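The values are calculated or read from the model by the stated rules, or taken from the named source; none is laboratory data. Nothing here was measured: the structure is a model prediction, and the numbers come from that model. Glycine gets a Cβ as well: all are built from the backbone with ideal geometry, and neighbour counts include every protein chain shown. Note: accessible area is taken over every heavy atom of the protein model, side chains too, but ligands, DNA and RNA are not part of it. Shrake-Rupley method; radii C 1.70, N 1.55, O 1.52, S 1.80 Å.
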Amino acid sequence: MRILFGTGHSYLPQRAGGSESSTHDLCIEMQKQGIEPAVLSSIEPDGWLGLKNRLQRKIFRHHKFPMDRAMGYPVYRGWLPETGVEEIAERFRPDVAILQAGKPLEFASLLLDRGIPSIVYLRDTLFNKLGGDVESLPRLRYIANSQFTADAFADRYGITVPVAPPLVRPEAYRTETSRQAVVFVNPHPFKGSETAFMMAERRPDIPFDFVEGWPLNDDLLAEYQSRARALGNIRWVPRQSDMRKVYANARIVLAPSQAASETWVEAWGRIVTEAHCSGIPVIASKSGGLPESVGPGGLLVDPNGAPEDWTDALAEIWDDQKRYESYAATALEYGRRDAIQPETLIRKVIGICEDCRVSFS
């Protein structure tokens, strides 16, 4: 079976985020099962990959979406990925498509018109940004990344969808850790950067690592880096392709995601699952899908509560060694639960794809 992943965003190694990392891990695991995956994505013009893509488009003028294997499987990159559906459908000939990020319903409509069974992987609850009308595509299938996302989709559209949390390959994240710092991945307003700065300011005795994730505009990046330098206990870390380097220093991982609007909340929190692979407890917002991902492997804090709620949670885990060891052991055990193991998730996703293919014919 050939499975095409479609995204309106650029893709690894150019863009790093939960959606991209989860897609990559799915592709790796699918290959182990004899499935042929590929990705259709946007291209960023910078760097060696952007240059290679431009050269390929000049040499092979009939290919507007040149293919590379930078990630170990075919990735077709070009401008406005939805315009590449016809080309990639003919070149890759997918049996099923899984669509996410950007405007997946636009992809889905084009693929369904070509007779390709399609599934939208719901990775957030911004349903108004799906790029189309859900009711107009009755043959389209869905997967949700958490029960929270599935419930929100059912409440809005009356459609029950299966849940498959982000696939995290433990071997790519598990590491021995010095347990020296609080790690905050992806400093961004949506991800709770102000809460993280507040905690670092109130606990100058604790070292913090702020690790870049989503792109920030130049002004906000400069502001964050200046504030980090001024506090003195924040180390600013560039985006890492190998997250084991990040978690090797982590005693606690912080996920203080904030609701950016009435509709956006953290739908799962992939870094939580990554941290649990190494028995690293997490302090997170009690909102969205974070209670599912954190479980007993950390503490949940009301995102609308007082600042002291966050610093109290930090003190509870950081300052009491026995309590810390208990949380760390529980985090490790929770990270081993069957529901999030790669072999469980890959069977589930492939099963959904096979069912979608059969029901579509």
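Does residue 171 count as assigned to a helix (DSSP H, G or I), of a type in the set (Asp, Glu) and open to solvent by 60 Å² or more (accessible area, probe 1.4 Å)?
Against the criterion (assigned to a helix (DSSP H, G or I), of a type in the set (Asp, Glu) and open to solvent by 60 Å² or more (accessible area, probe 1.4 Å)), residue 171 qualifies.
Looking only at residues that are in a loop (DSSP other than H, G, I, E, B) and within 18 Å of residue 11 (Cα to Cα) in the stretch 28-52, which one is least open to solvent (accessible area, probe 1.4 Å)?
My answer is 43.
One line per residue, one yes/no per condition, for (1) in contact with a strand residue (DSSP E or B) (Cβ under 9 Å, 6 or more places away or on another chain); (2) open to solvent by less than 40 Å² (accessible area, probe 1.4 Å); (3) touching a residue at least 24 places away in the same chain (Cβ under 8 Å); (4) closer than 13 Å to residue 186 by Cα:
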residue: 201; (1), (2), (3), (4): no, no, yes, no
residue: 212; (1), (2), (3), (4): yes, no, yes, yes
residue: 230; (1), (2), (3), (4): no, no, no, no
residue: 251; (1), (2), (3), (4): yes, yes, yes, no
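Does residue 273 count as of a type in the set (S, T, N, Q), closer than 20 Å to residue 144 by Cβ and crowded, with 24+ Cβ neighbours inside 10 Å?
Here the answer is yes, as residue 273 does meet what is asked.
From (1) open to solvent by 30 Å² or more (accessible area, probe 1.4 Å); (2) part of a loop (DSSP other than H, G, I, E, B), pick out the condition that doesn't hold for residue 221.
(2)
Please go through the stretch 174-185 and pick out each residue that is surrounded by fewer than 24 Cβ atoms within 10 Å (Cβ to Cβ) and part of a strand (DSSP E or B).
Residue satisfying the conditions is 181 alone.
Which condition does residue 208 not pass, out of (1) open to solvent by 20 Å² or more (accessible area, probe 1.4 Å); (2) modelled with pLDDT of 95 or more, if it passes all the others?
Condition not satisfied by residue 208: (1).
What pairs can you find where one residue is in the stretch 182-197 and touching a residue at least 60 places away in the same chain (Cβ under 8 Å) and farther than 15 Å from residue 252 by Cα, the other is polar (S, T, N, Q) and not in a helix (DSSP H, G or I), and their Cβ atoms are less than 6 Å apart, with a gap of 6+ or different chains?
191/257; 192/257; 192/258
Within the bounds of the stretch 227-234, is there any residue that is closer than 28 Å to residue 129 by Cβ, outside any strand (DSSP E or B) and modelled with pLDDT of 95 or more?
no
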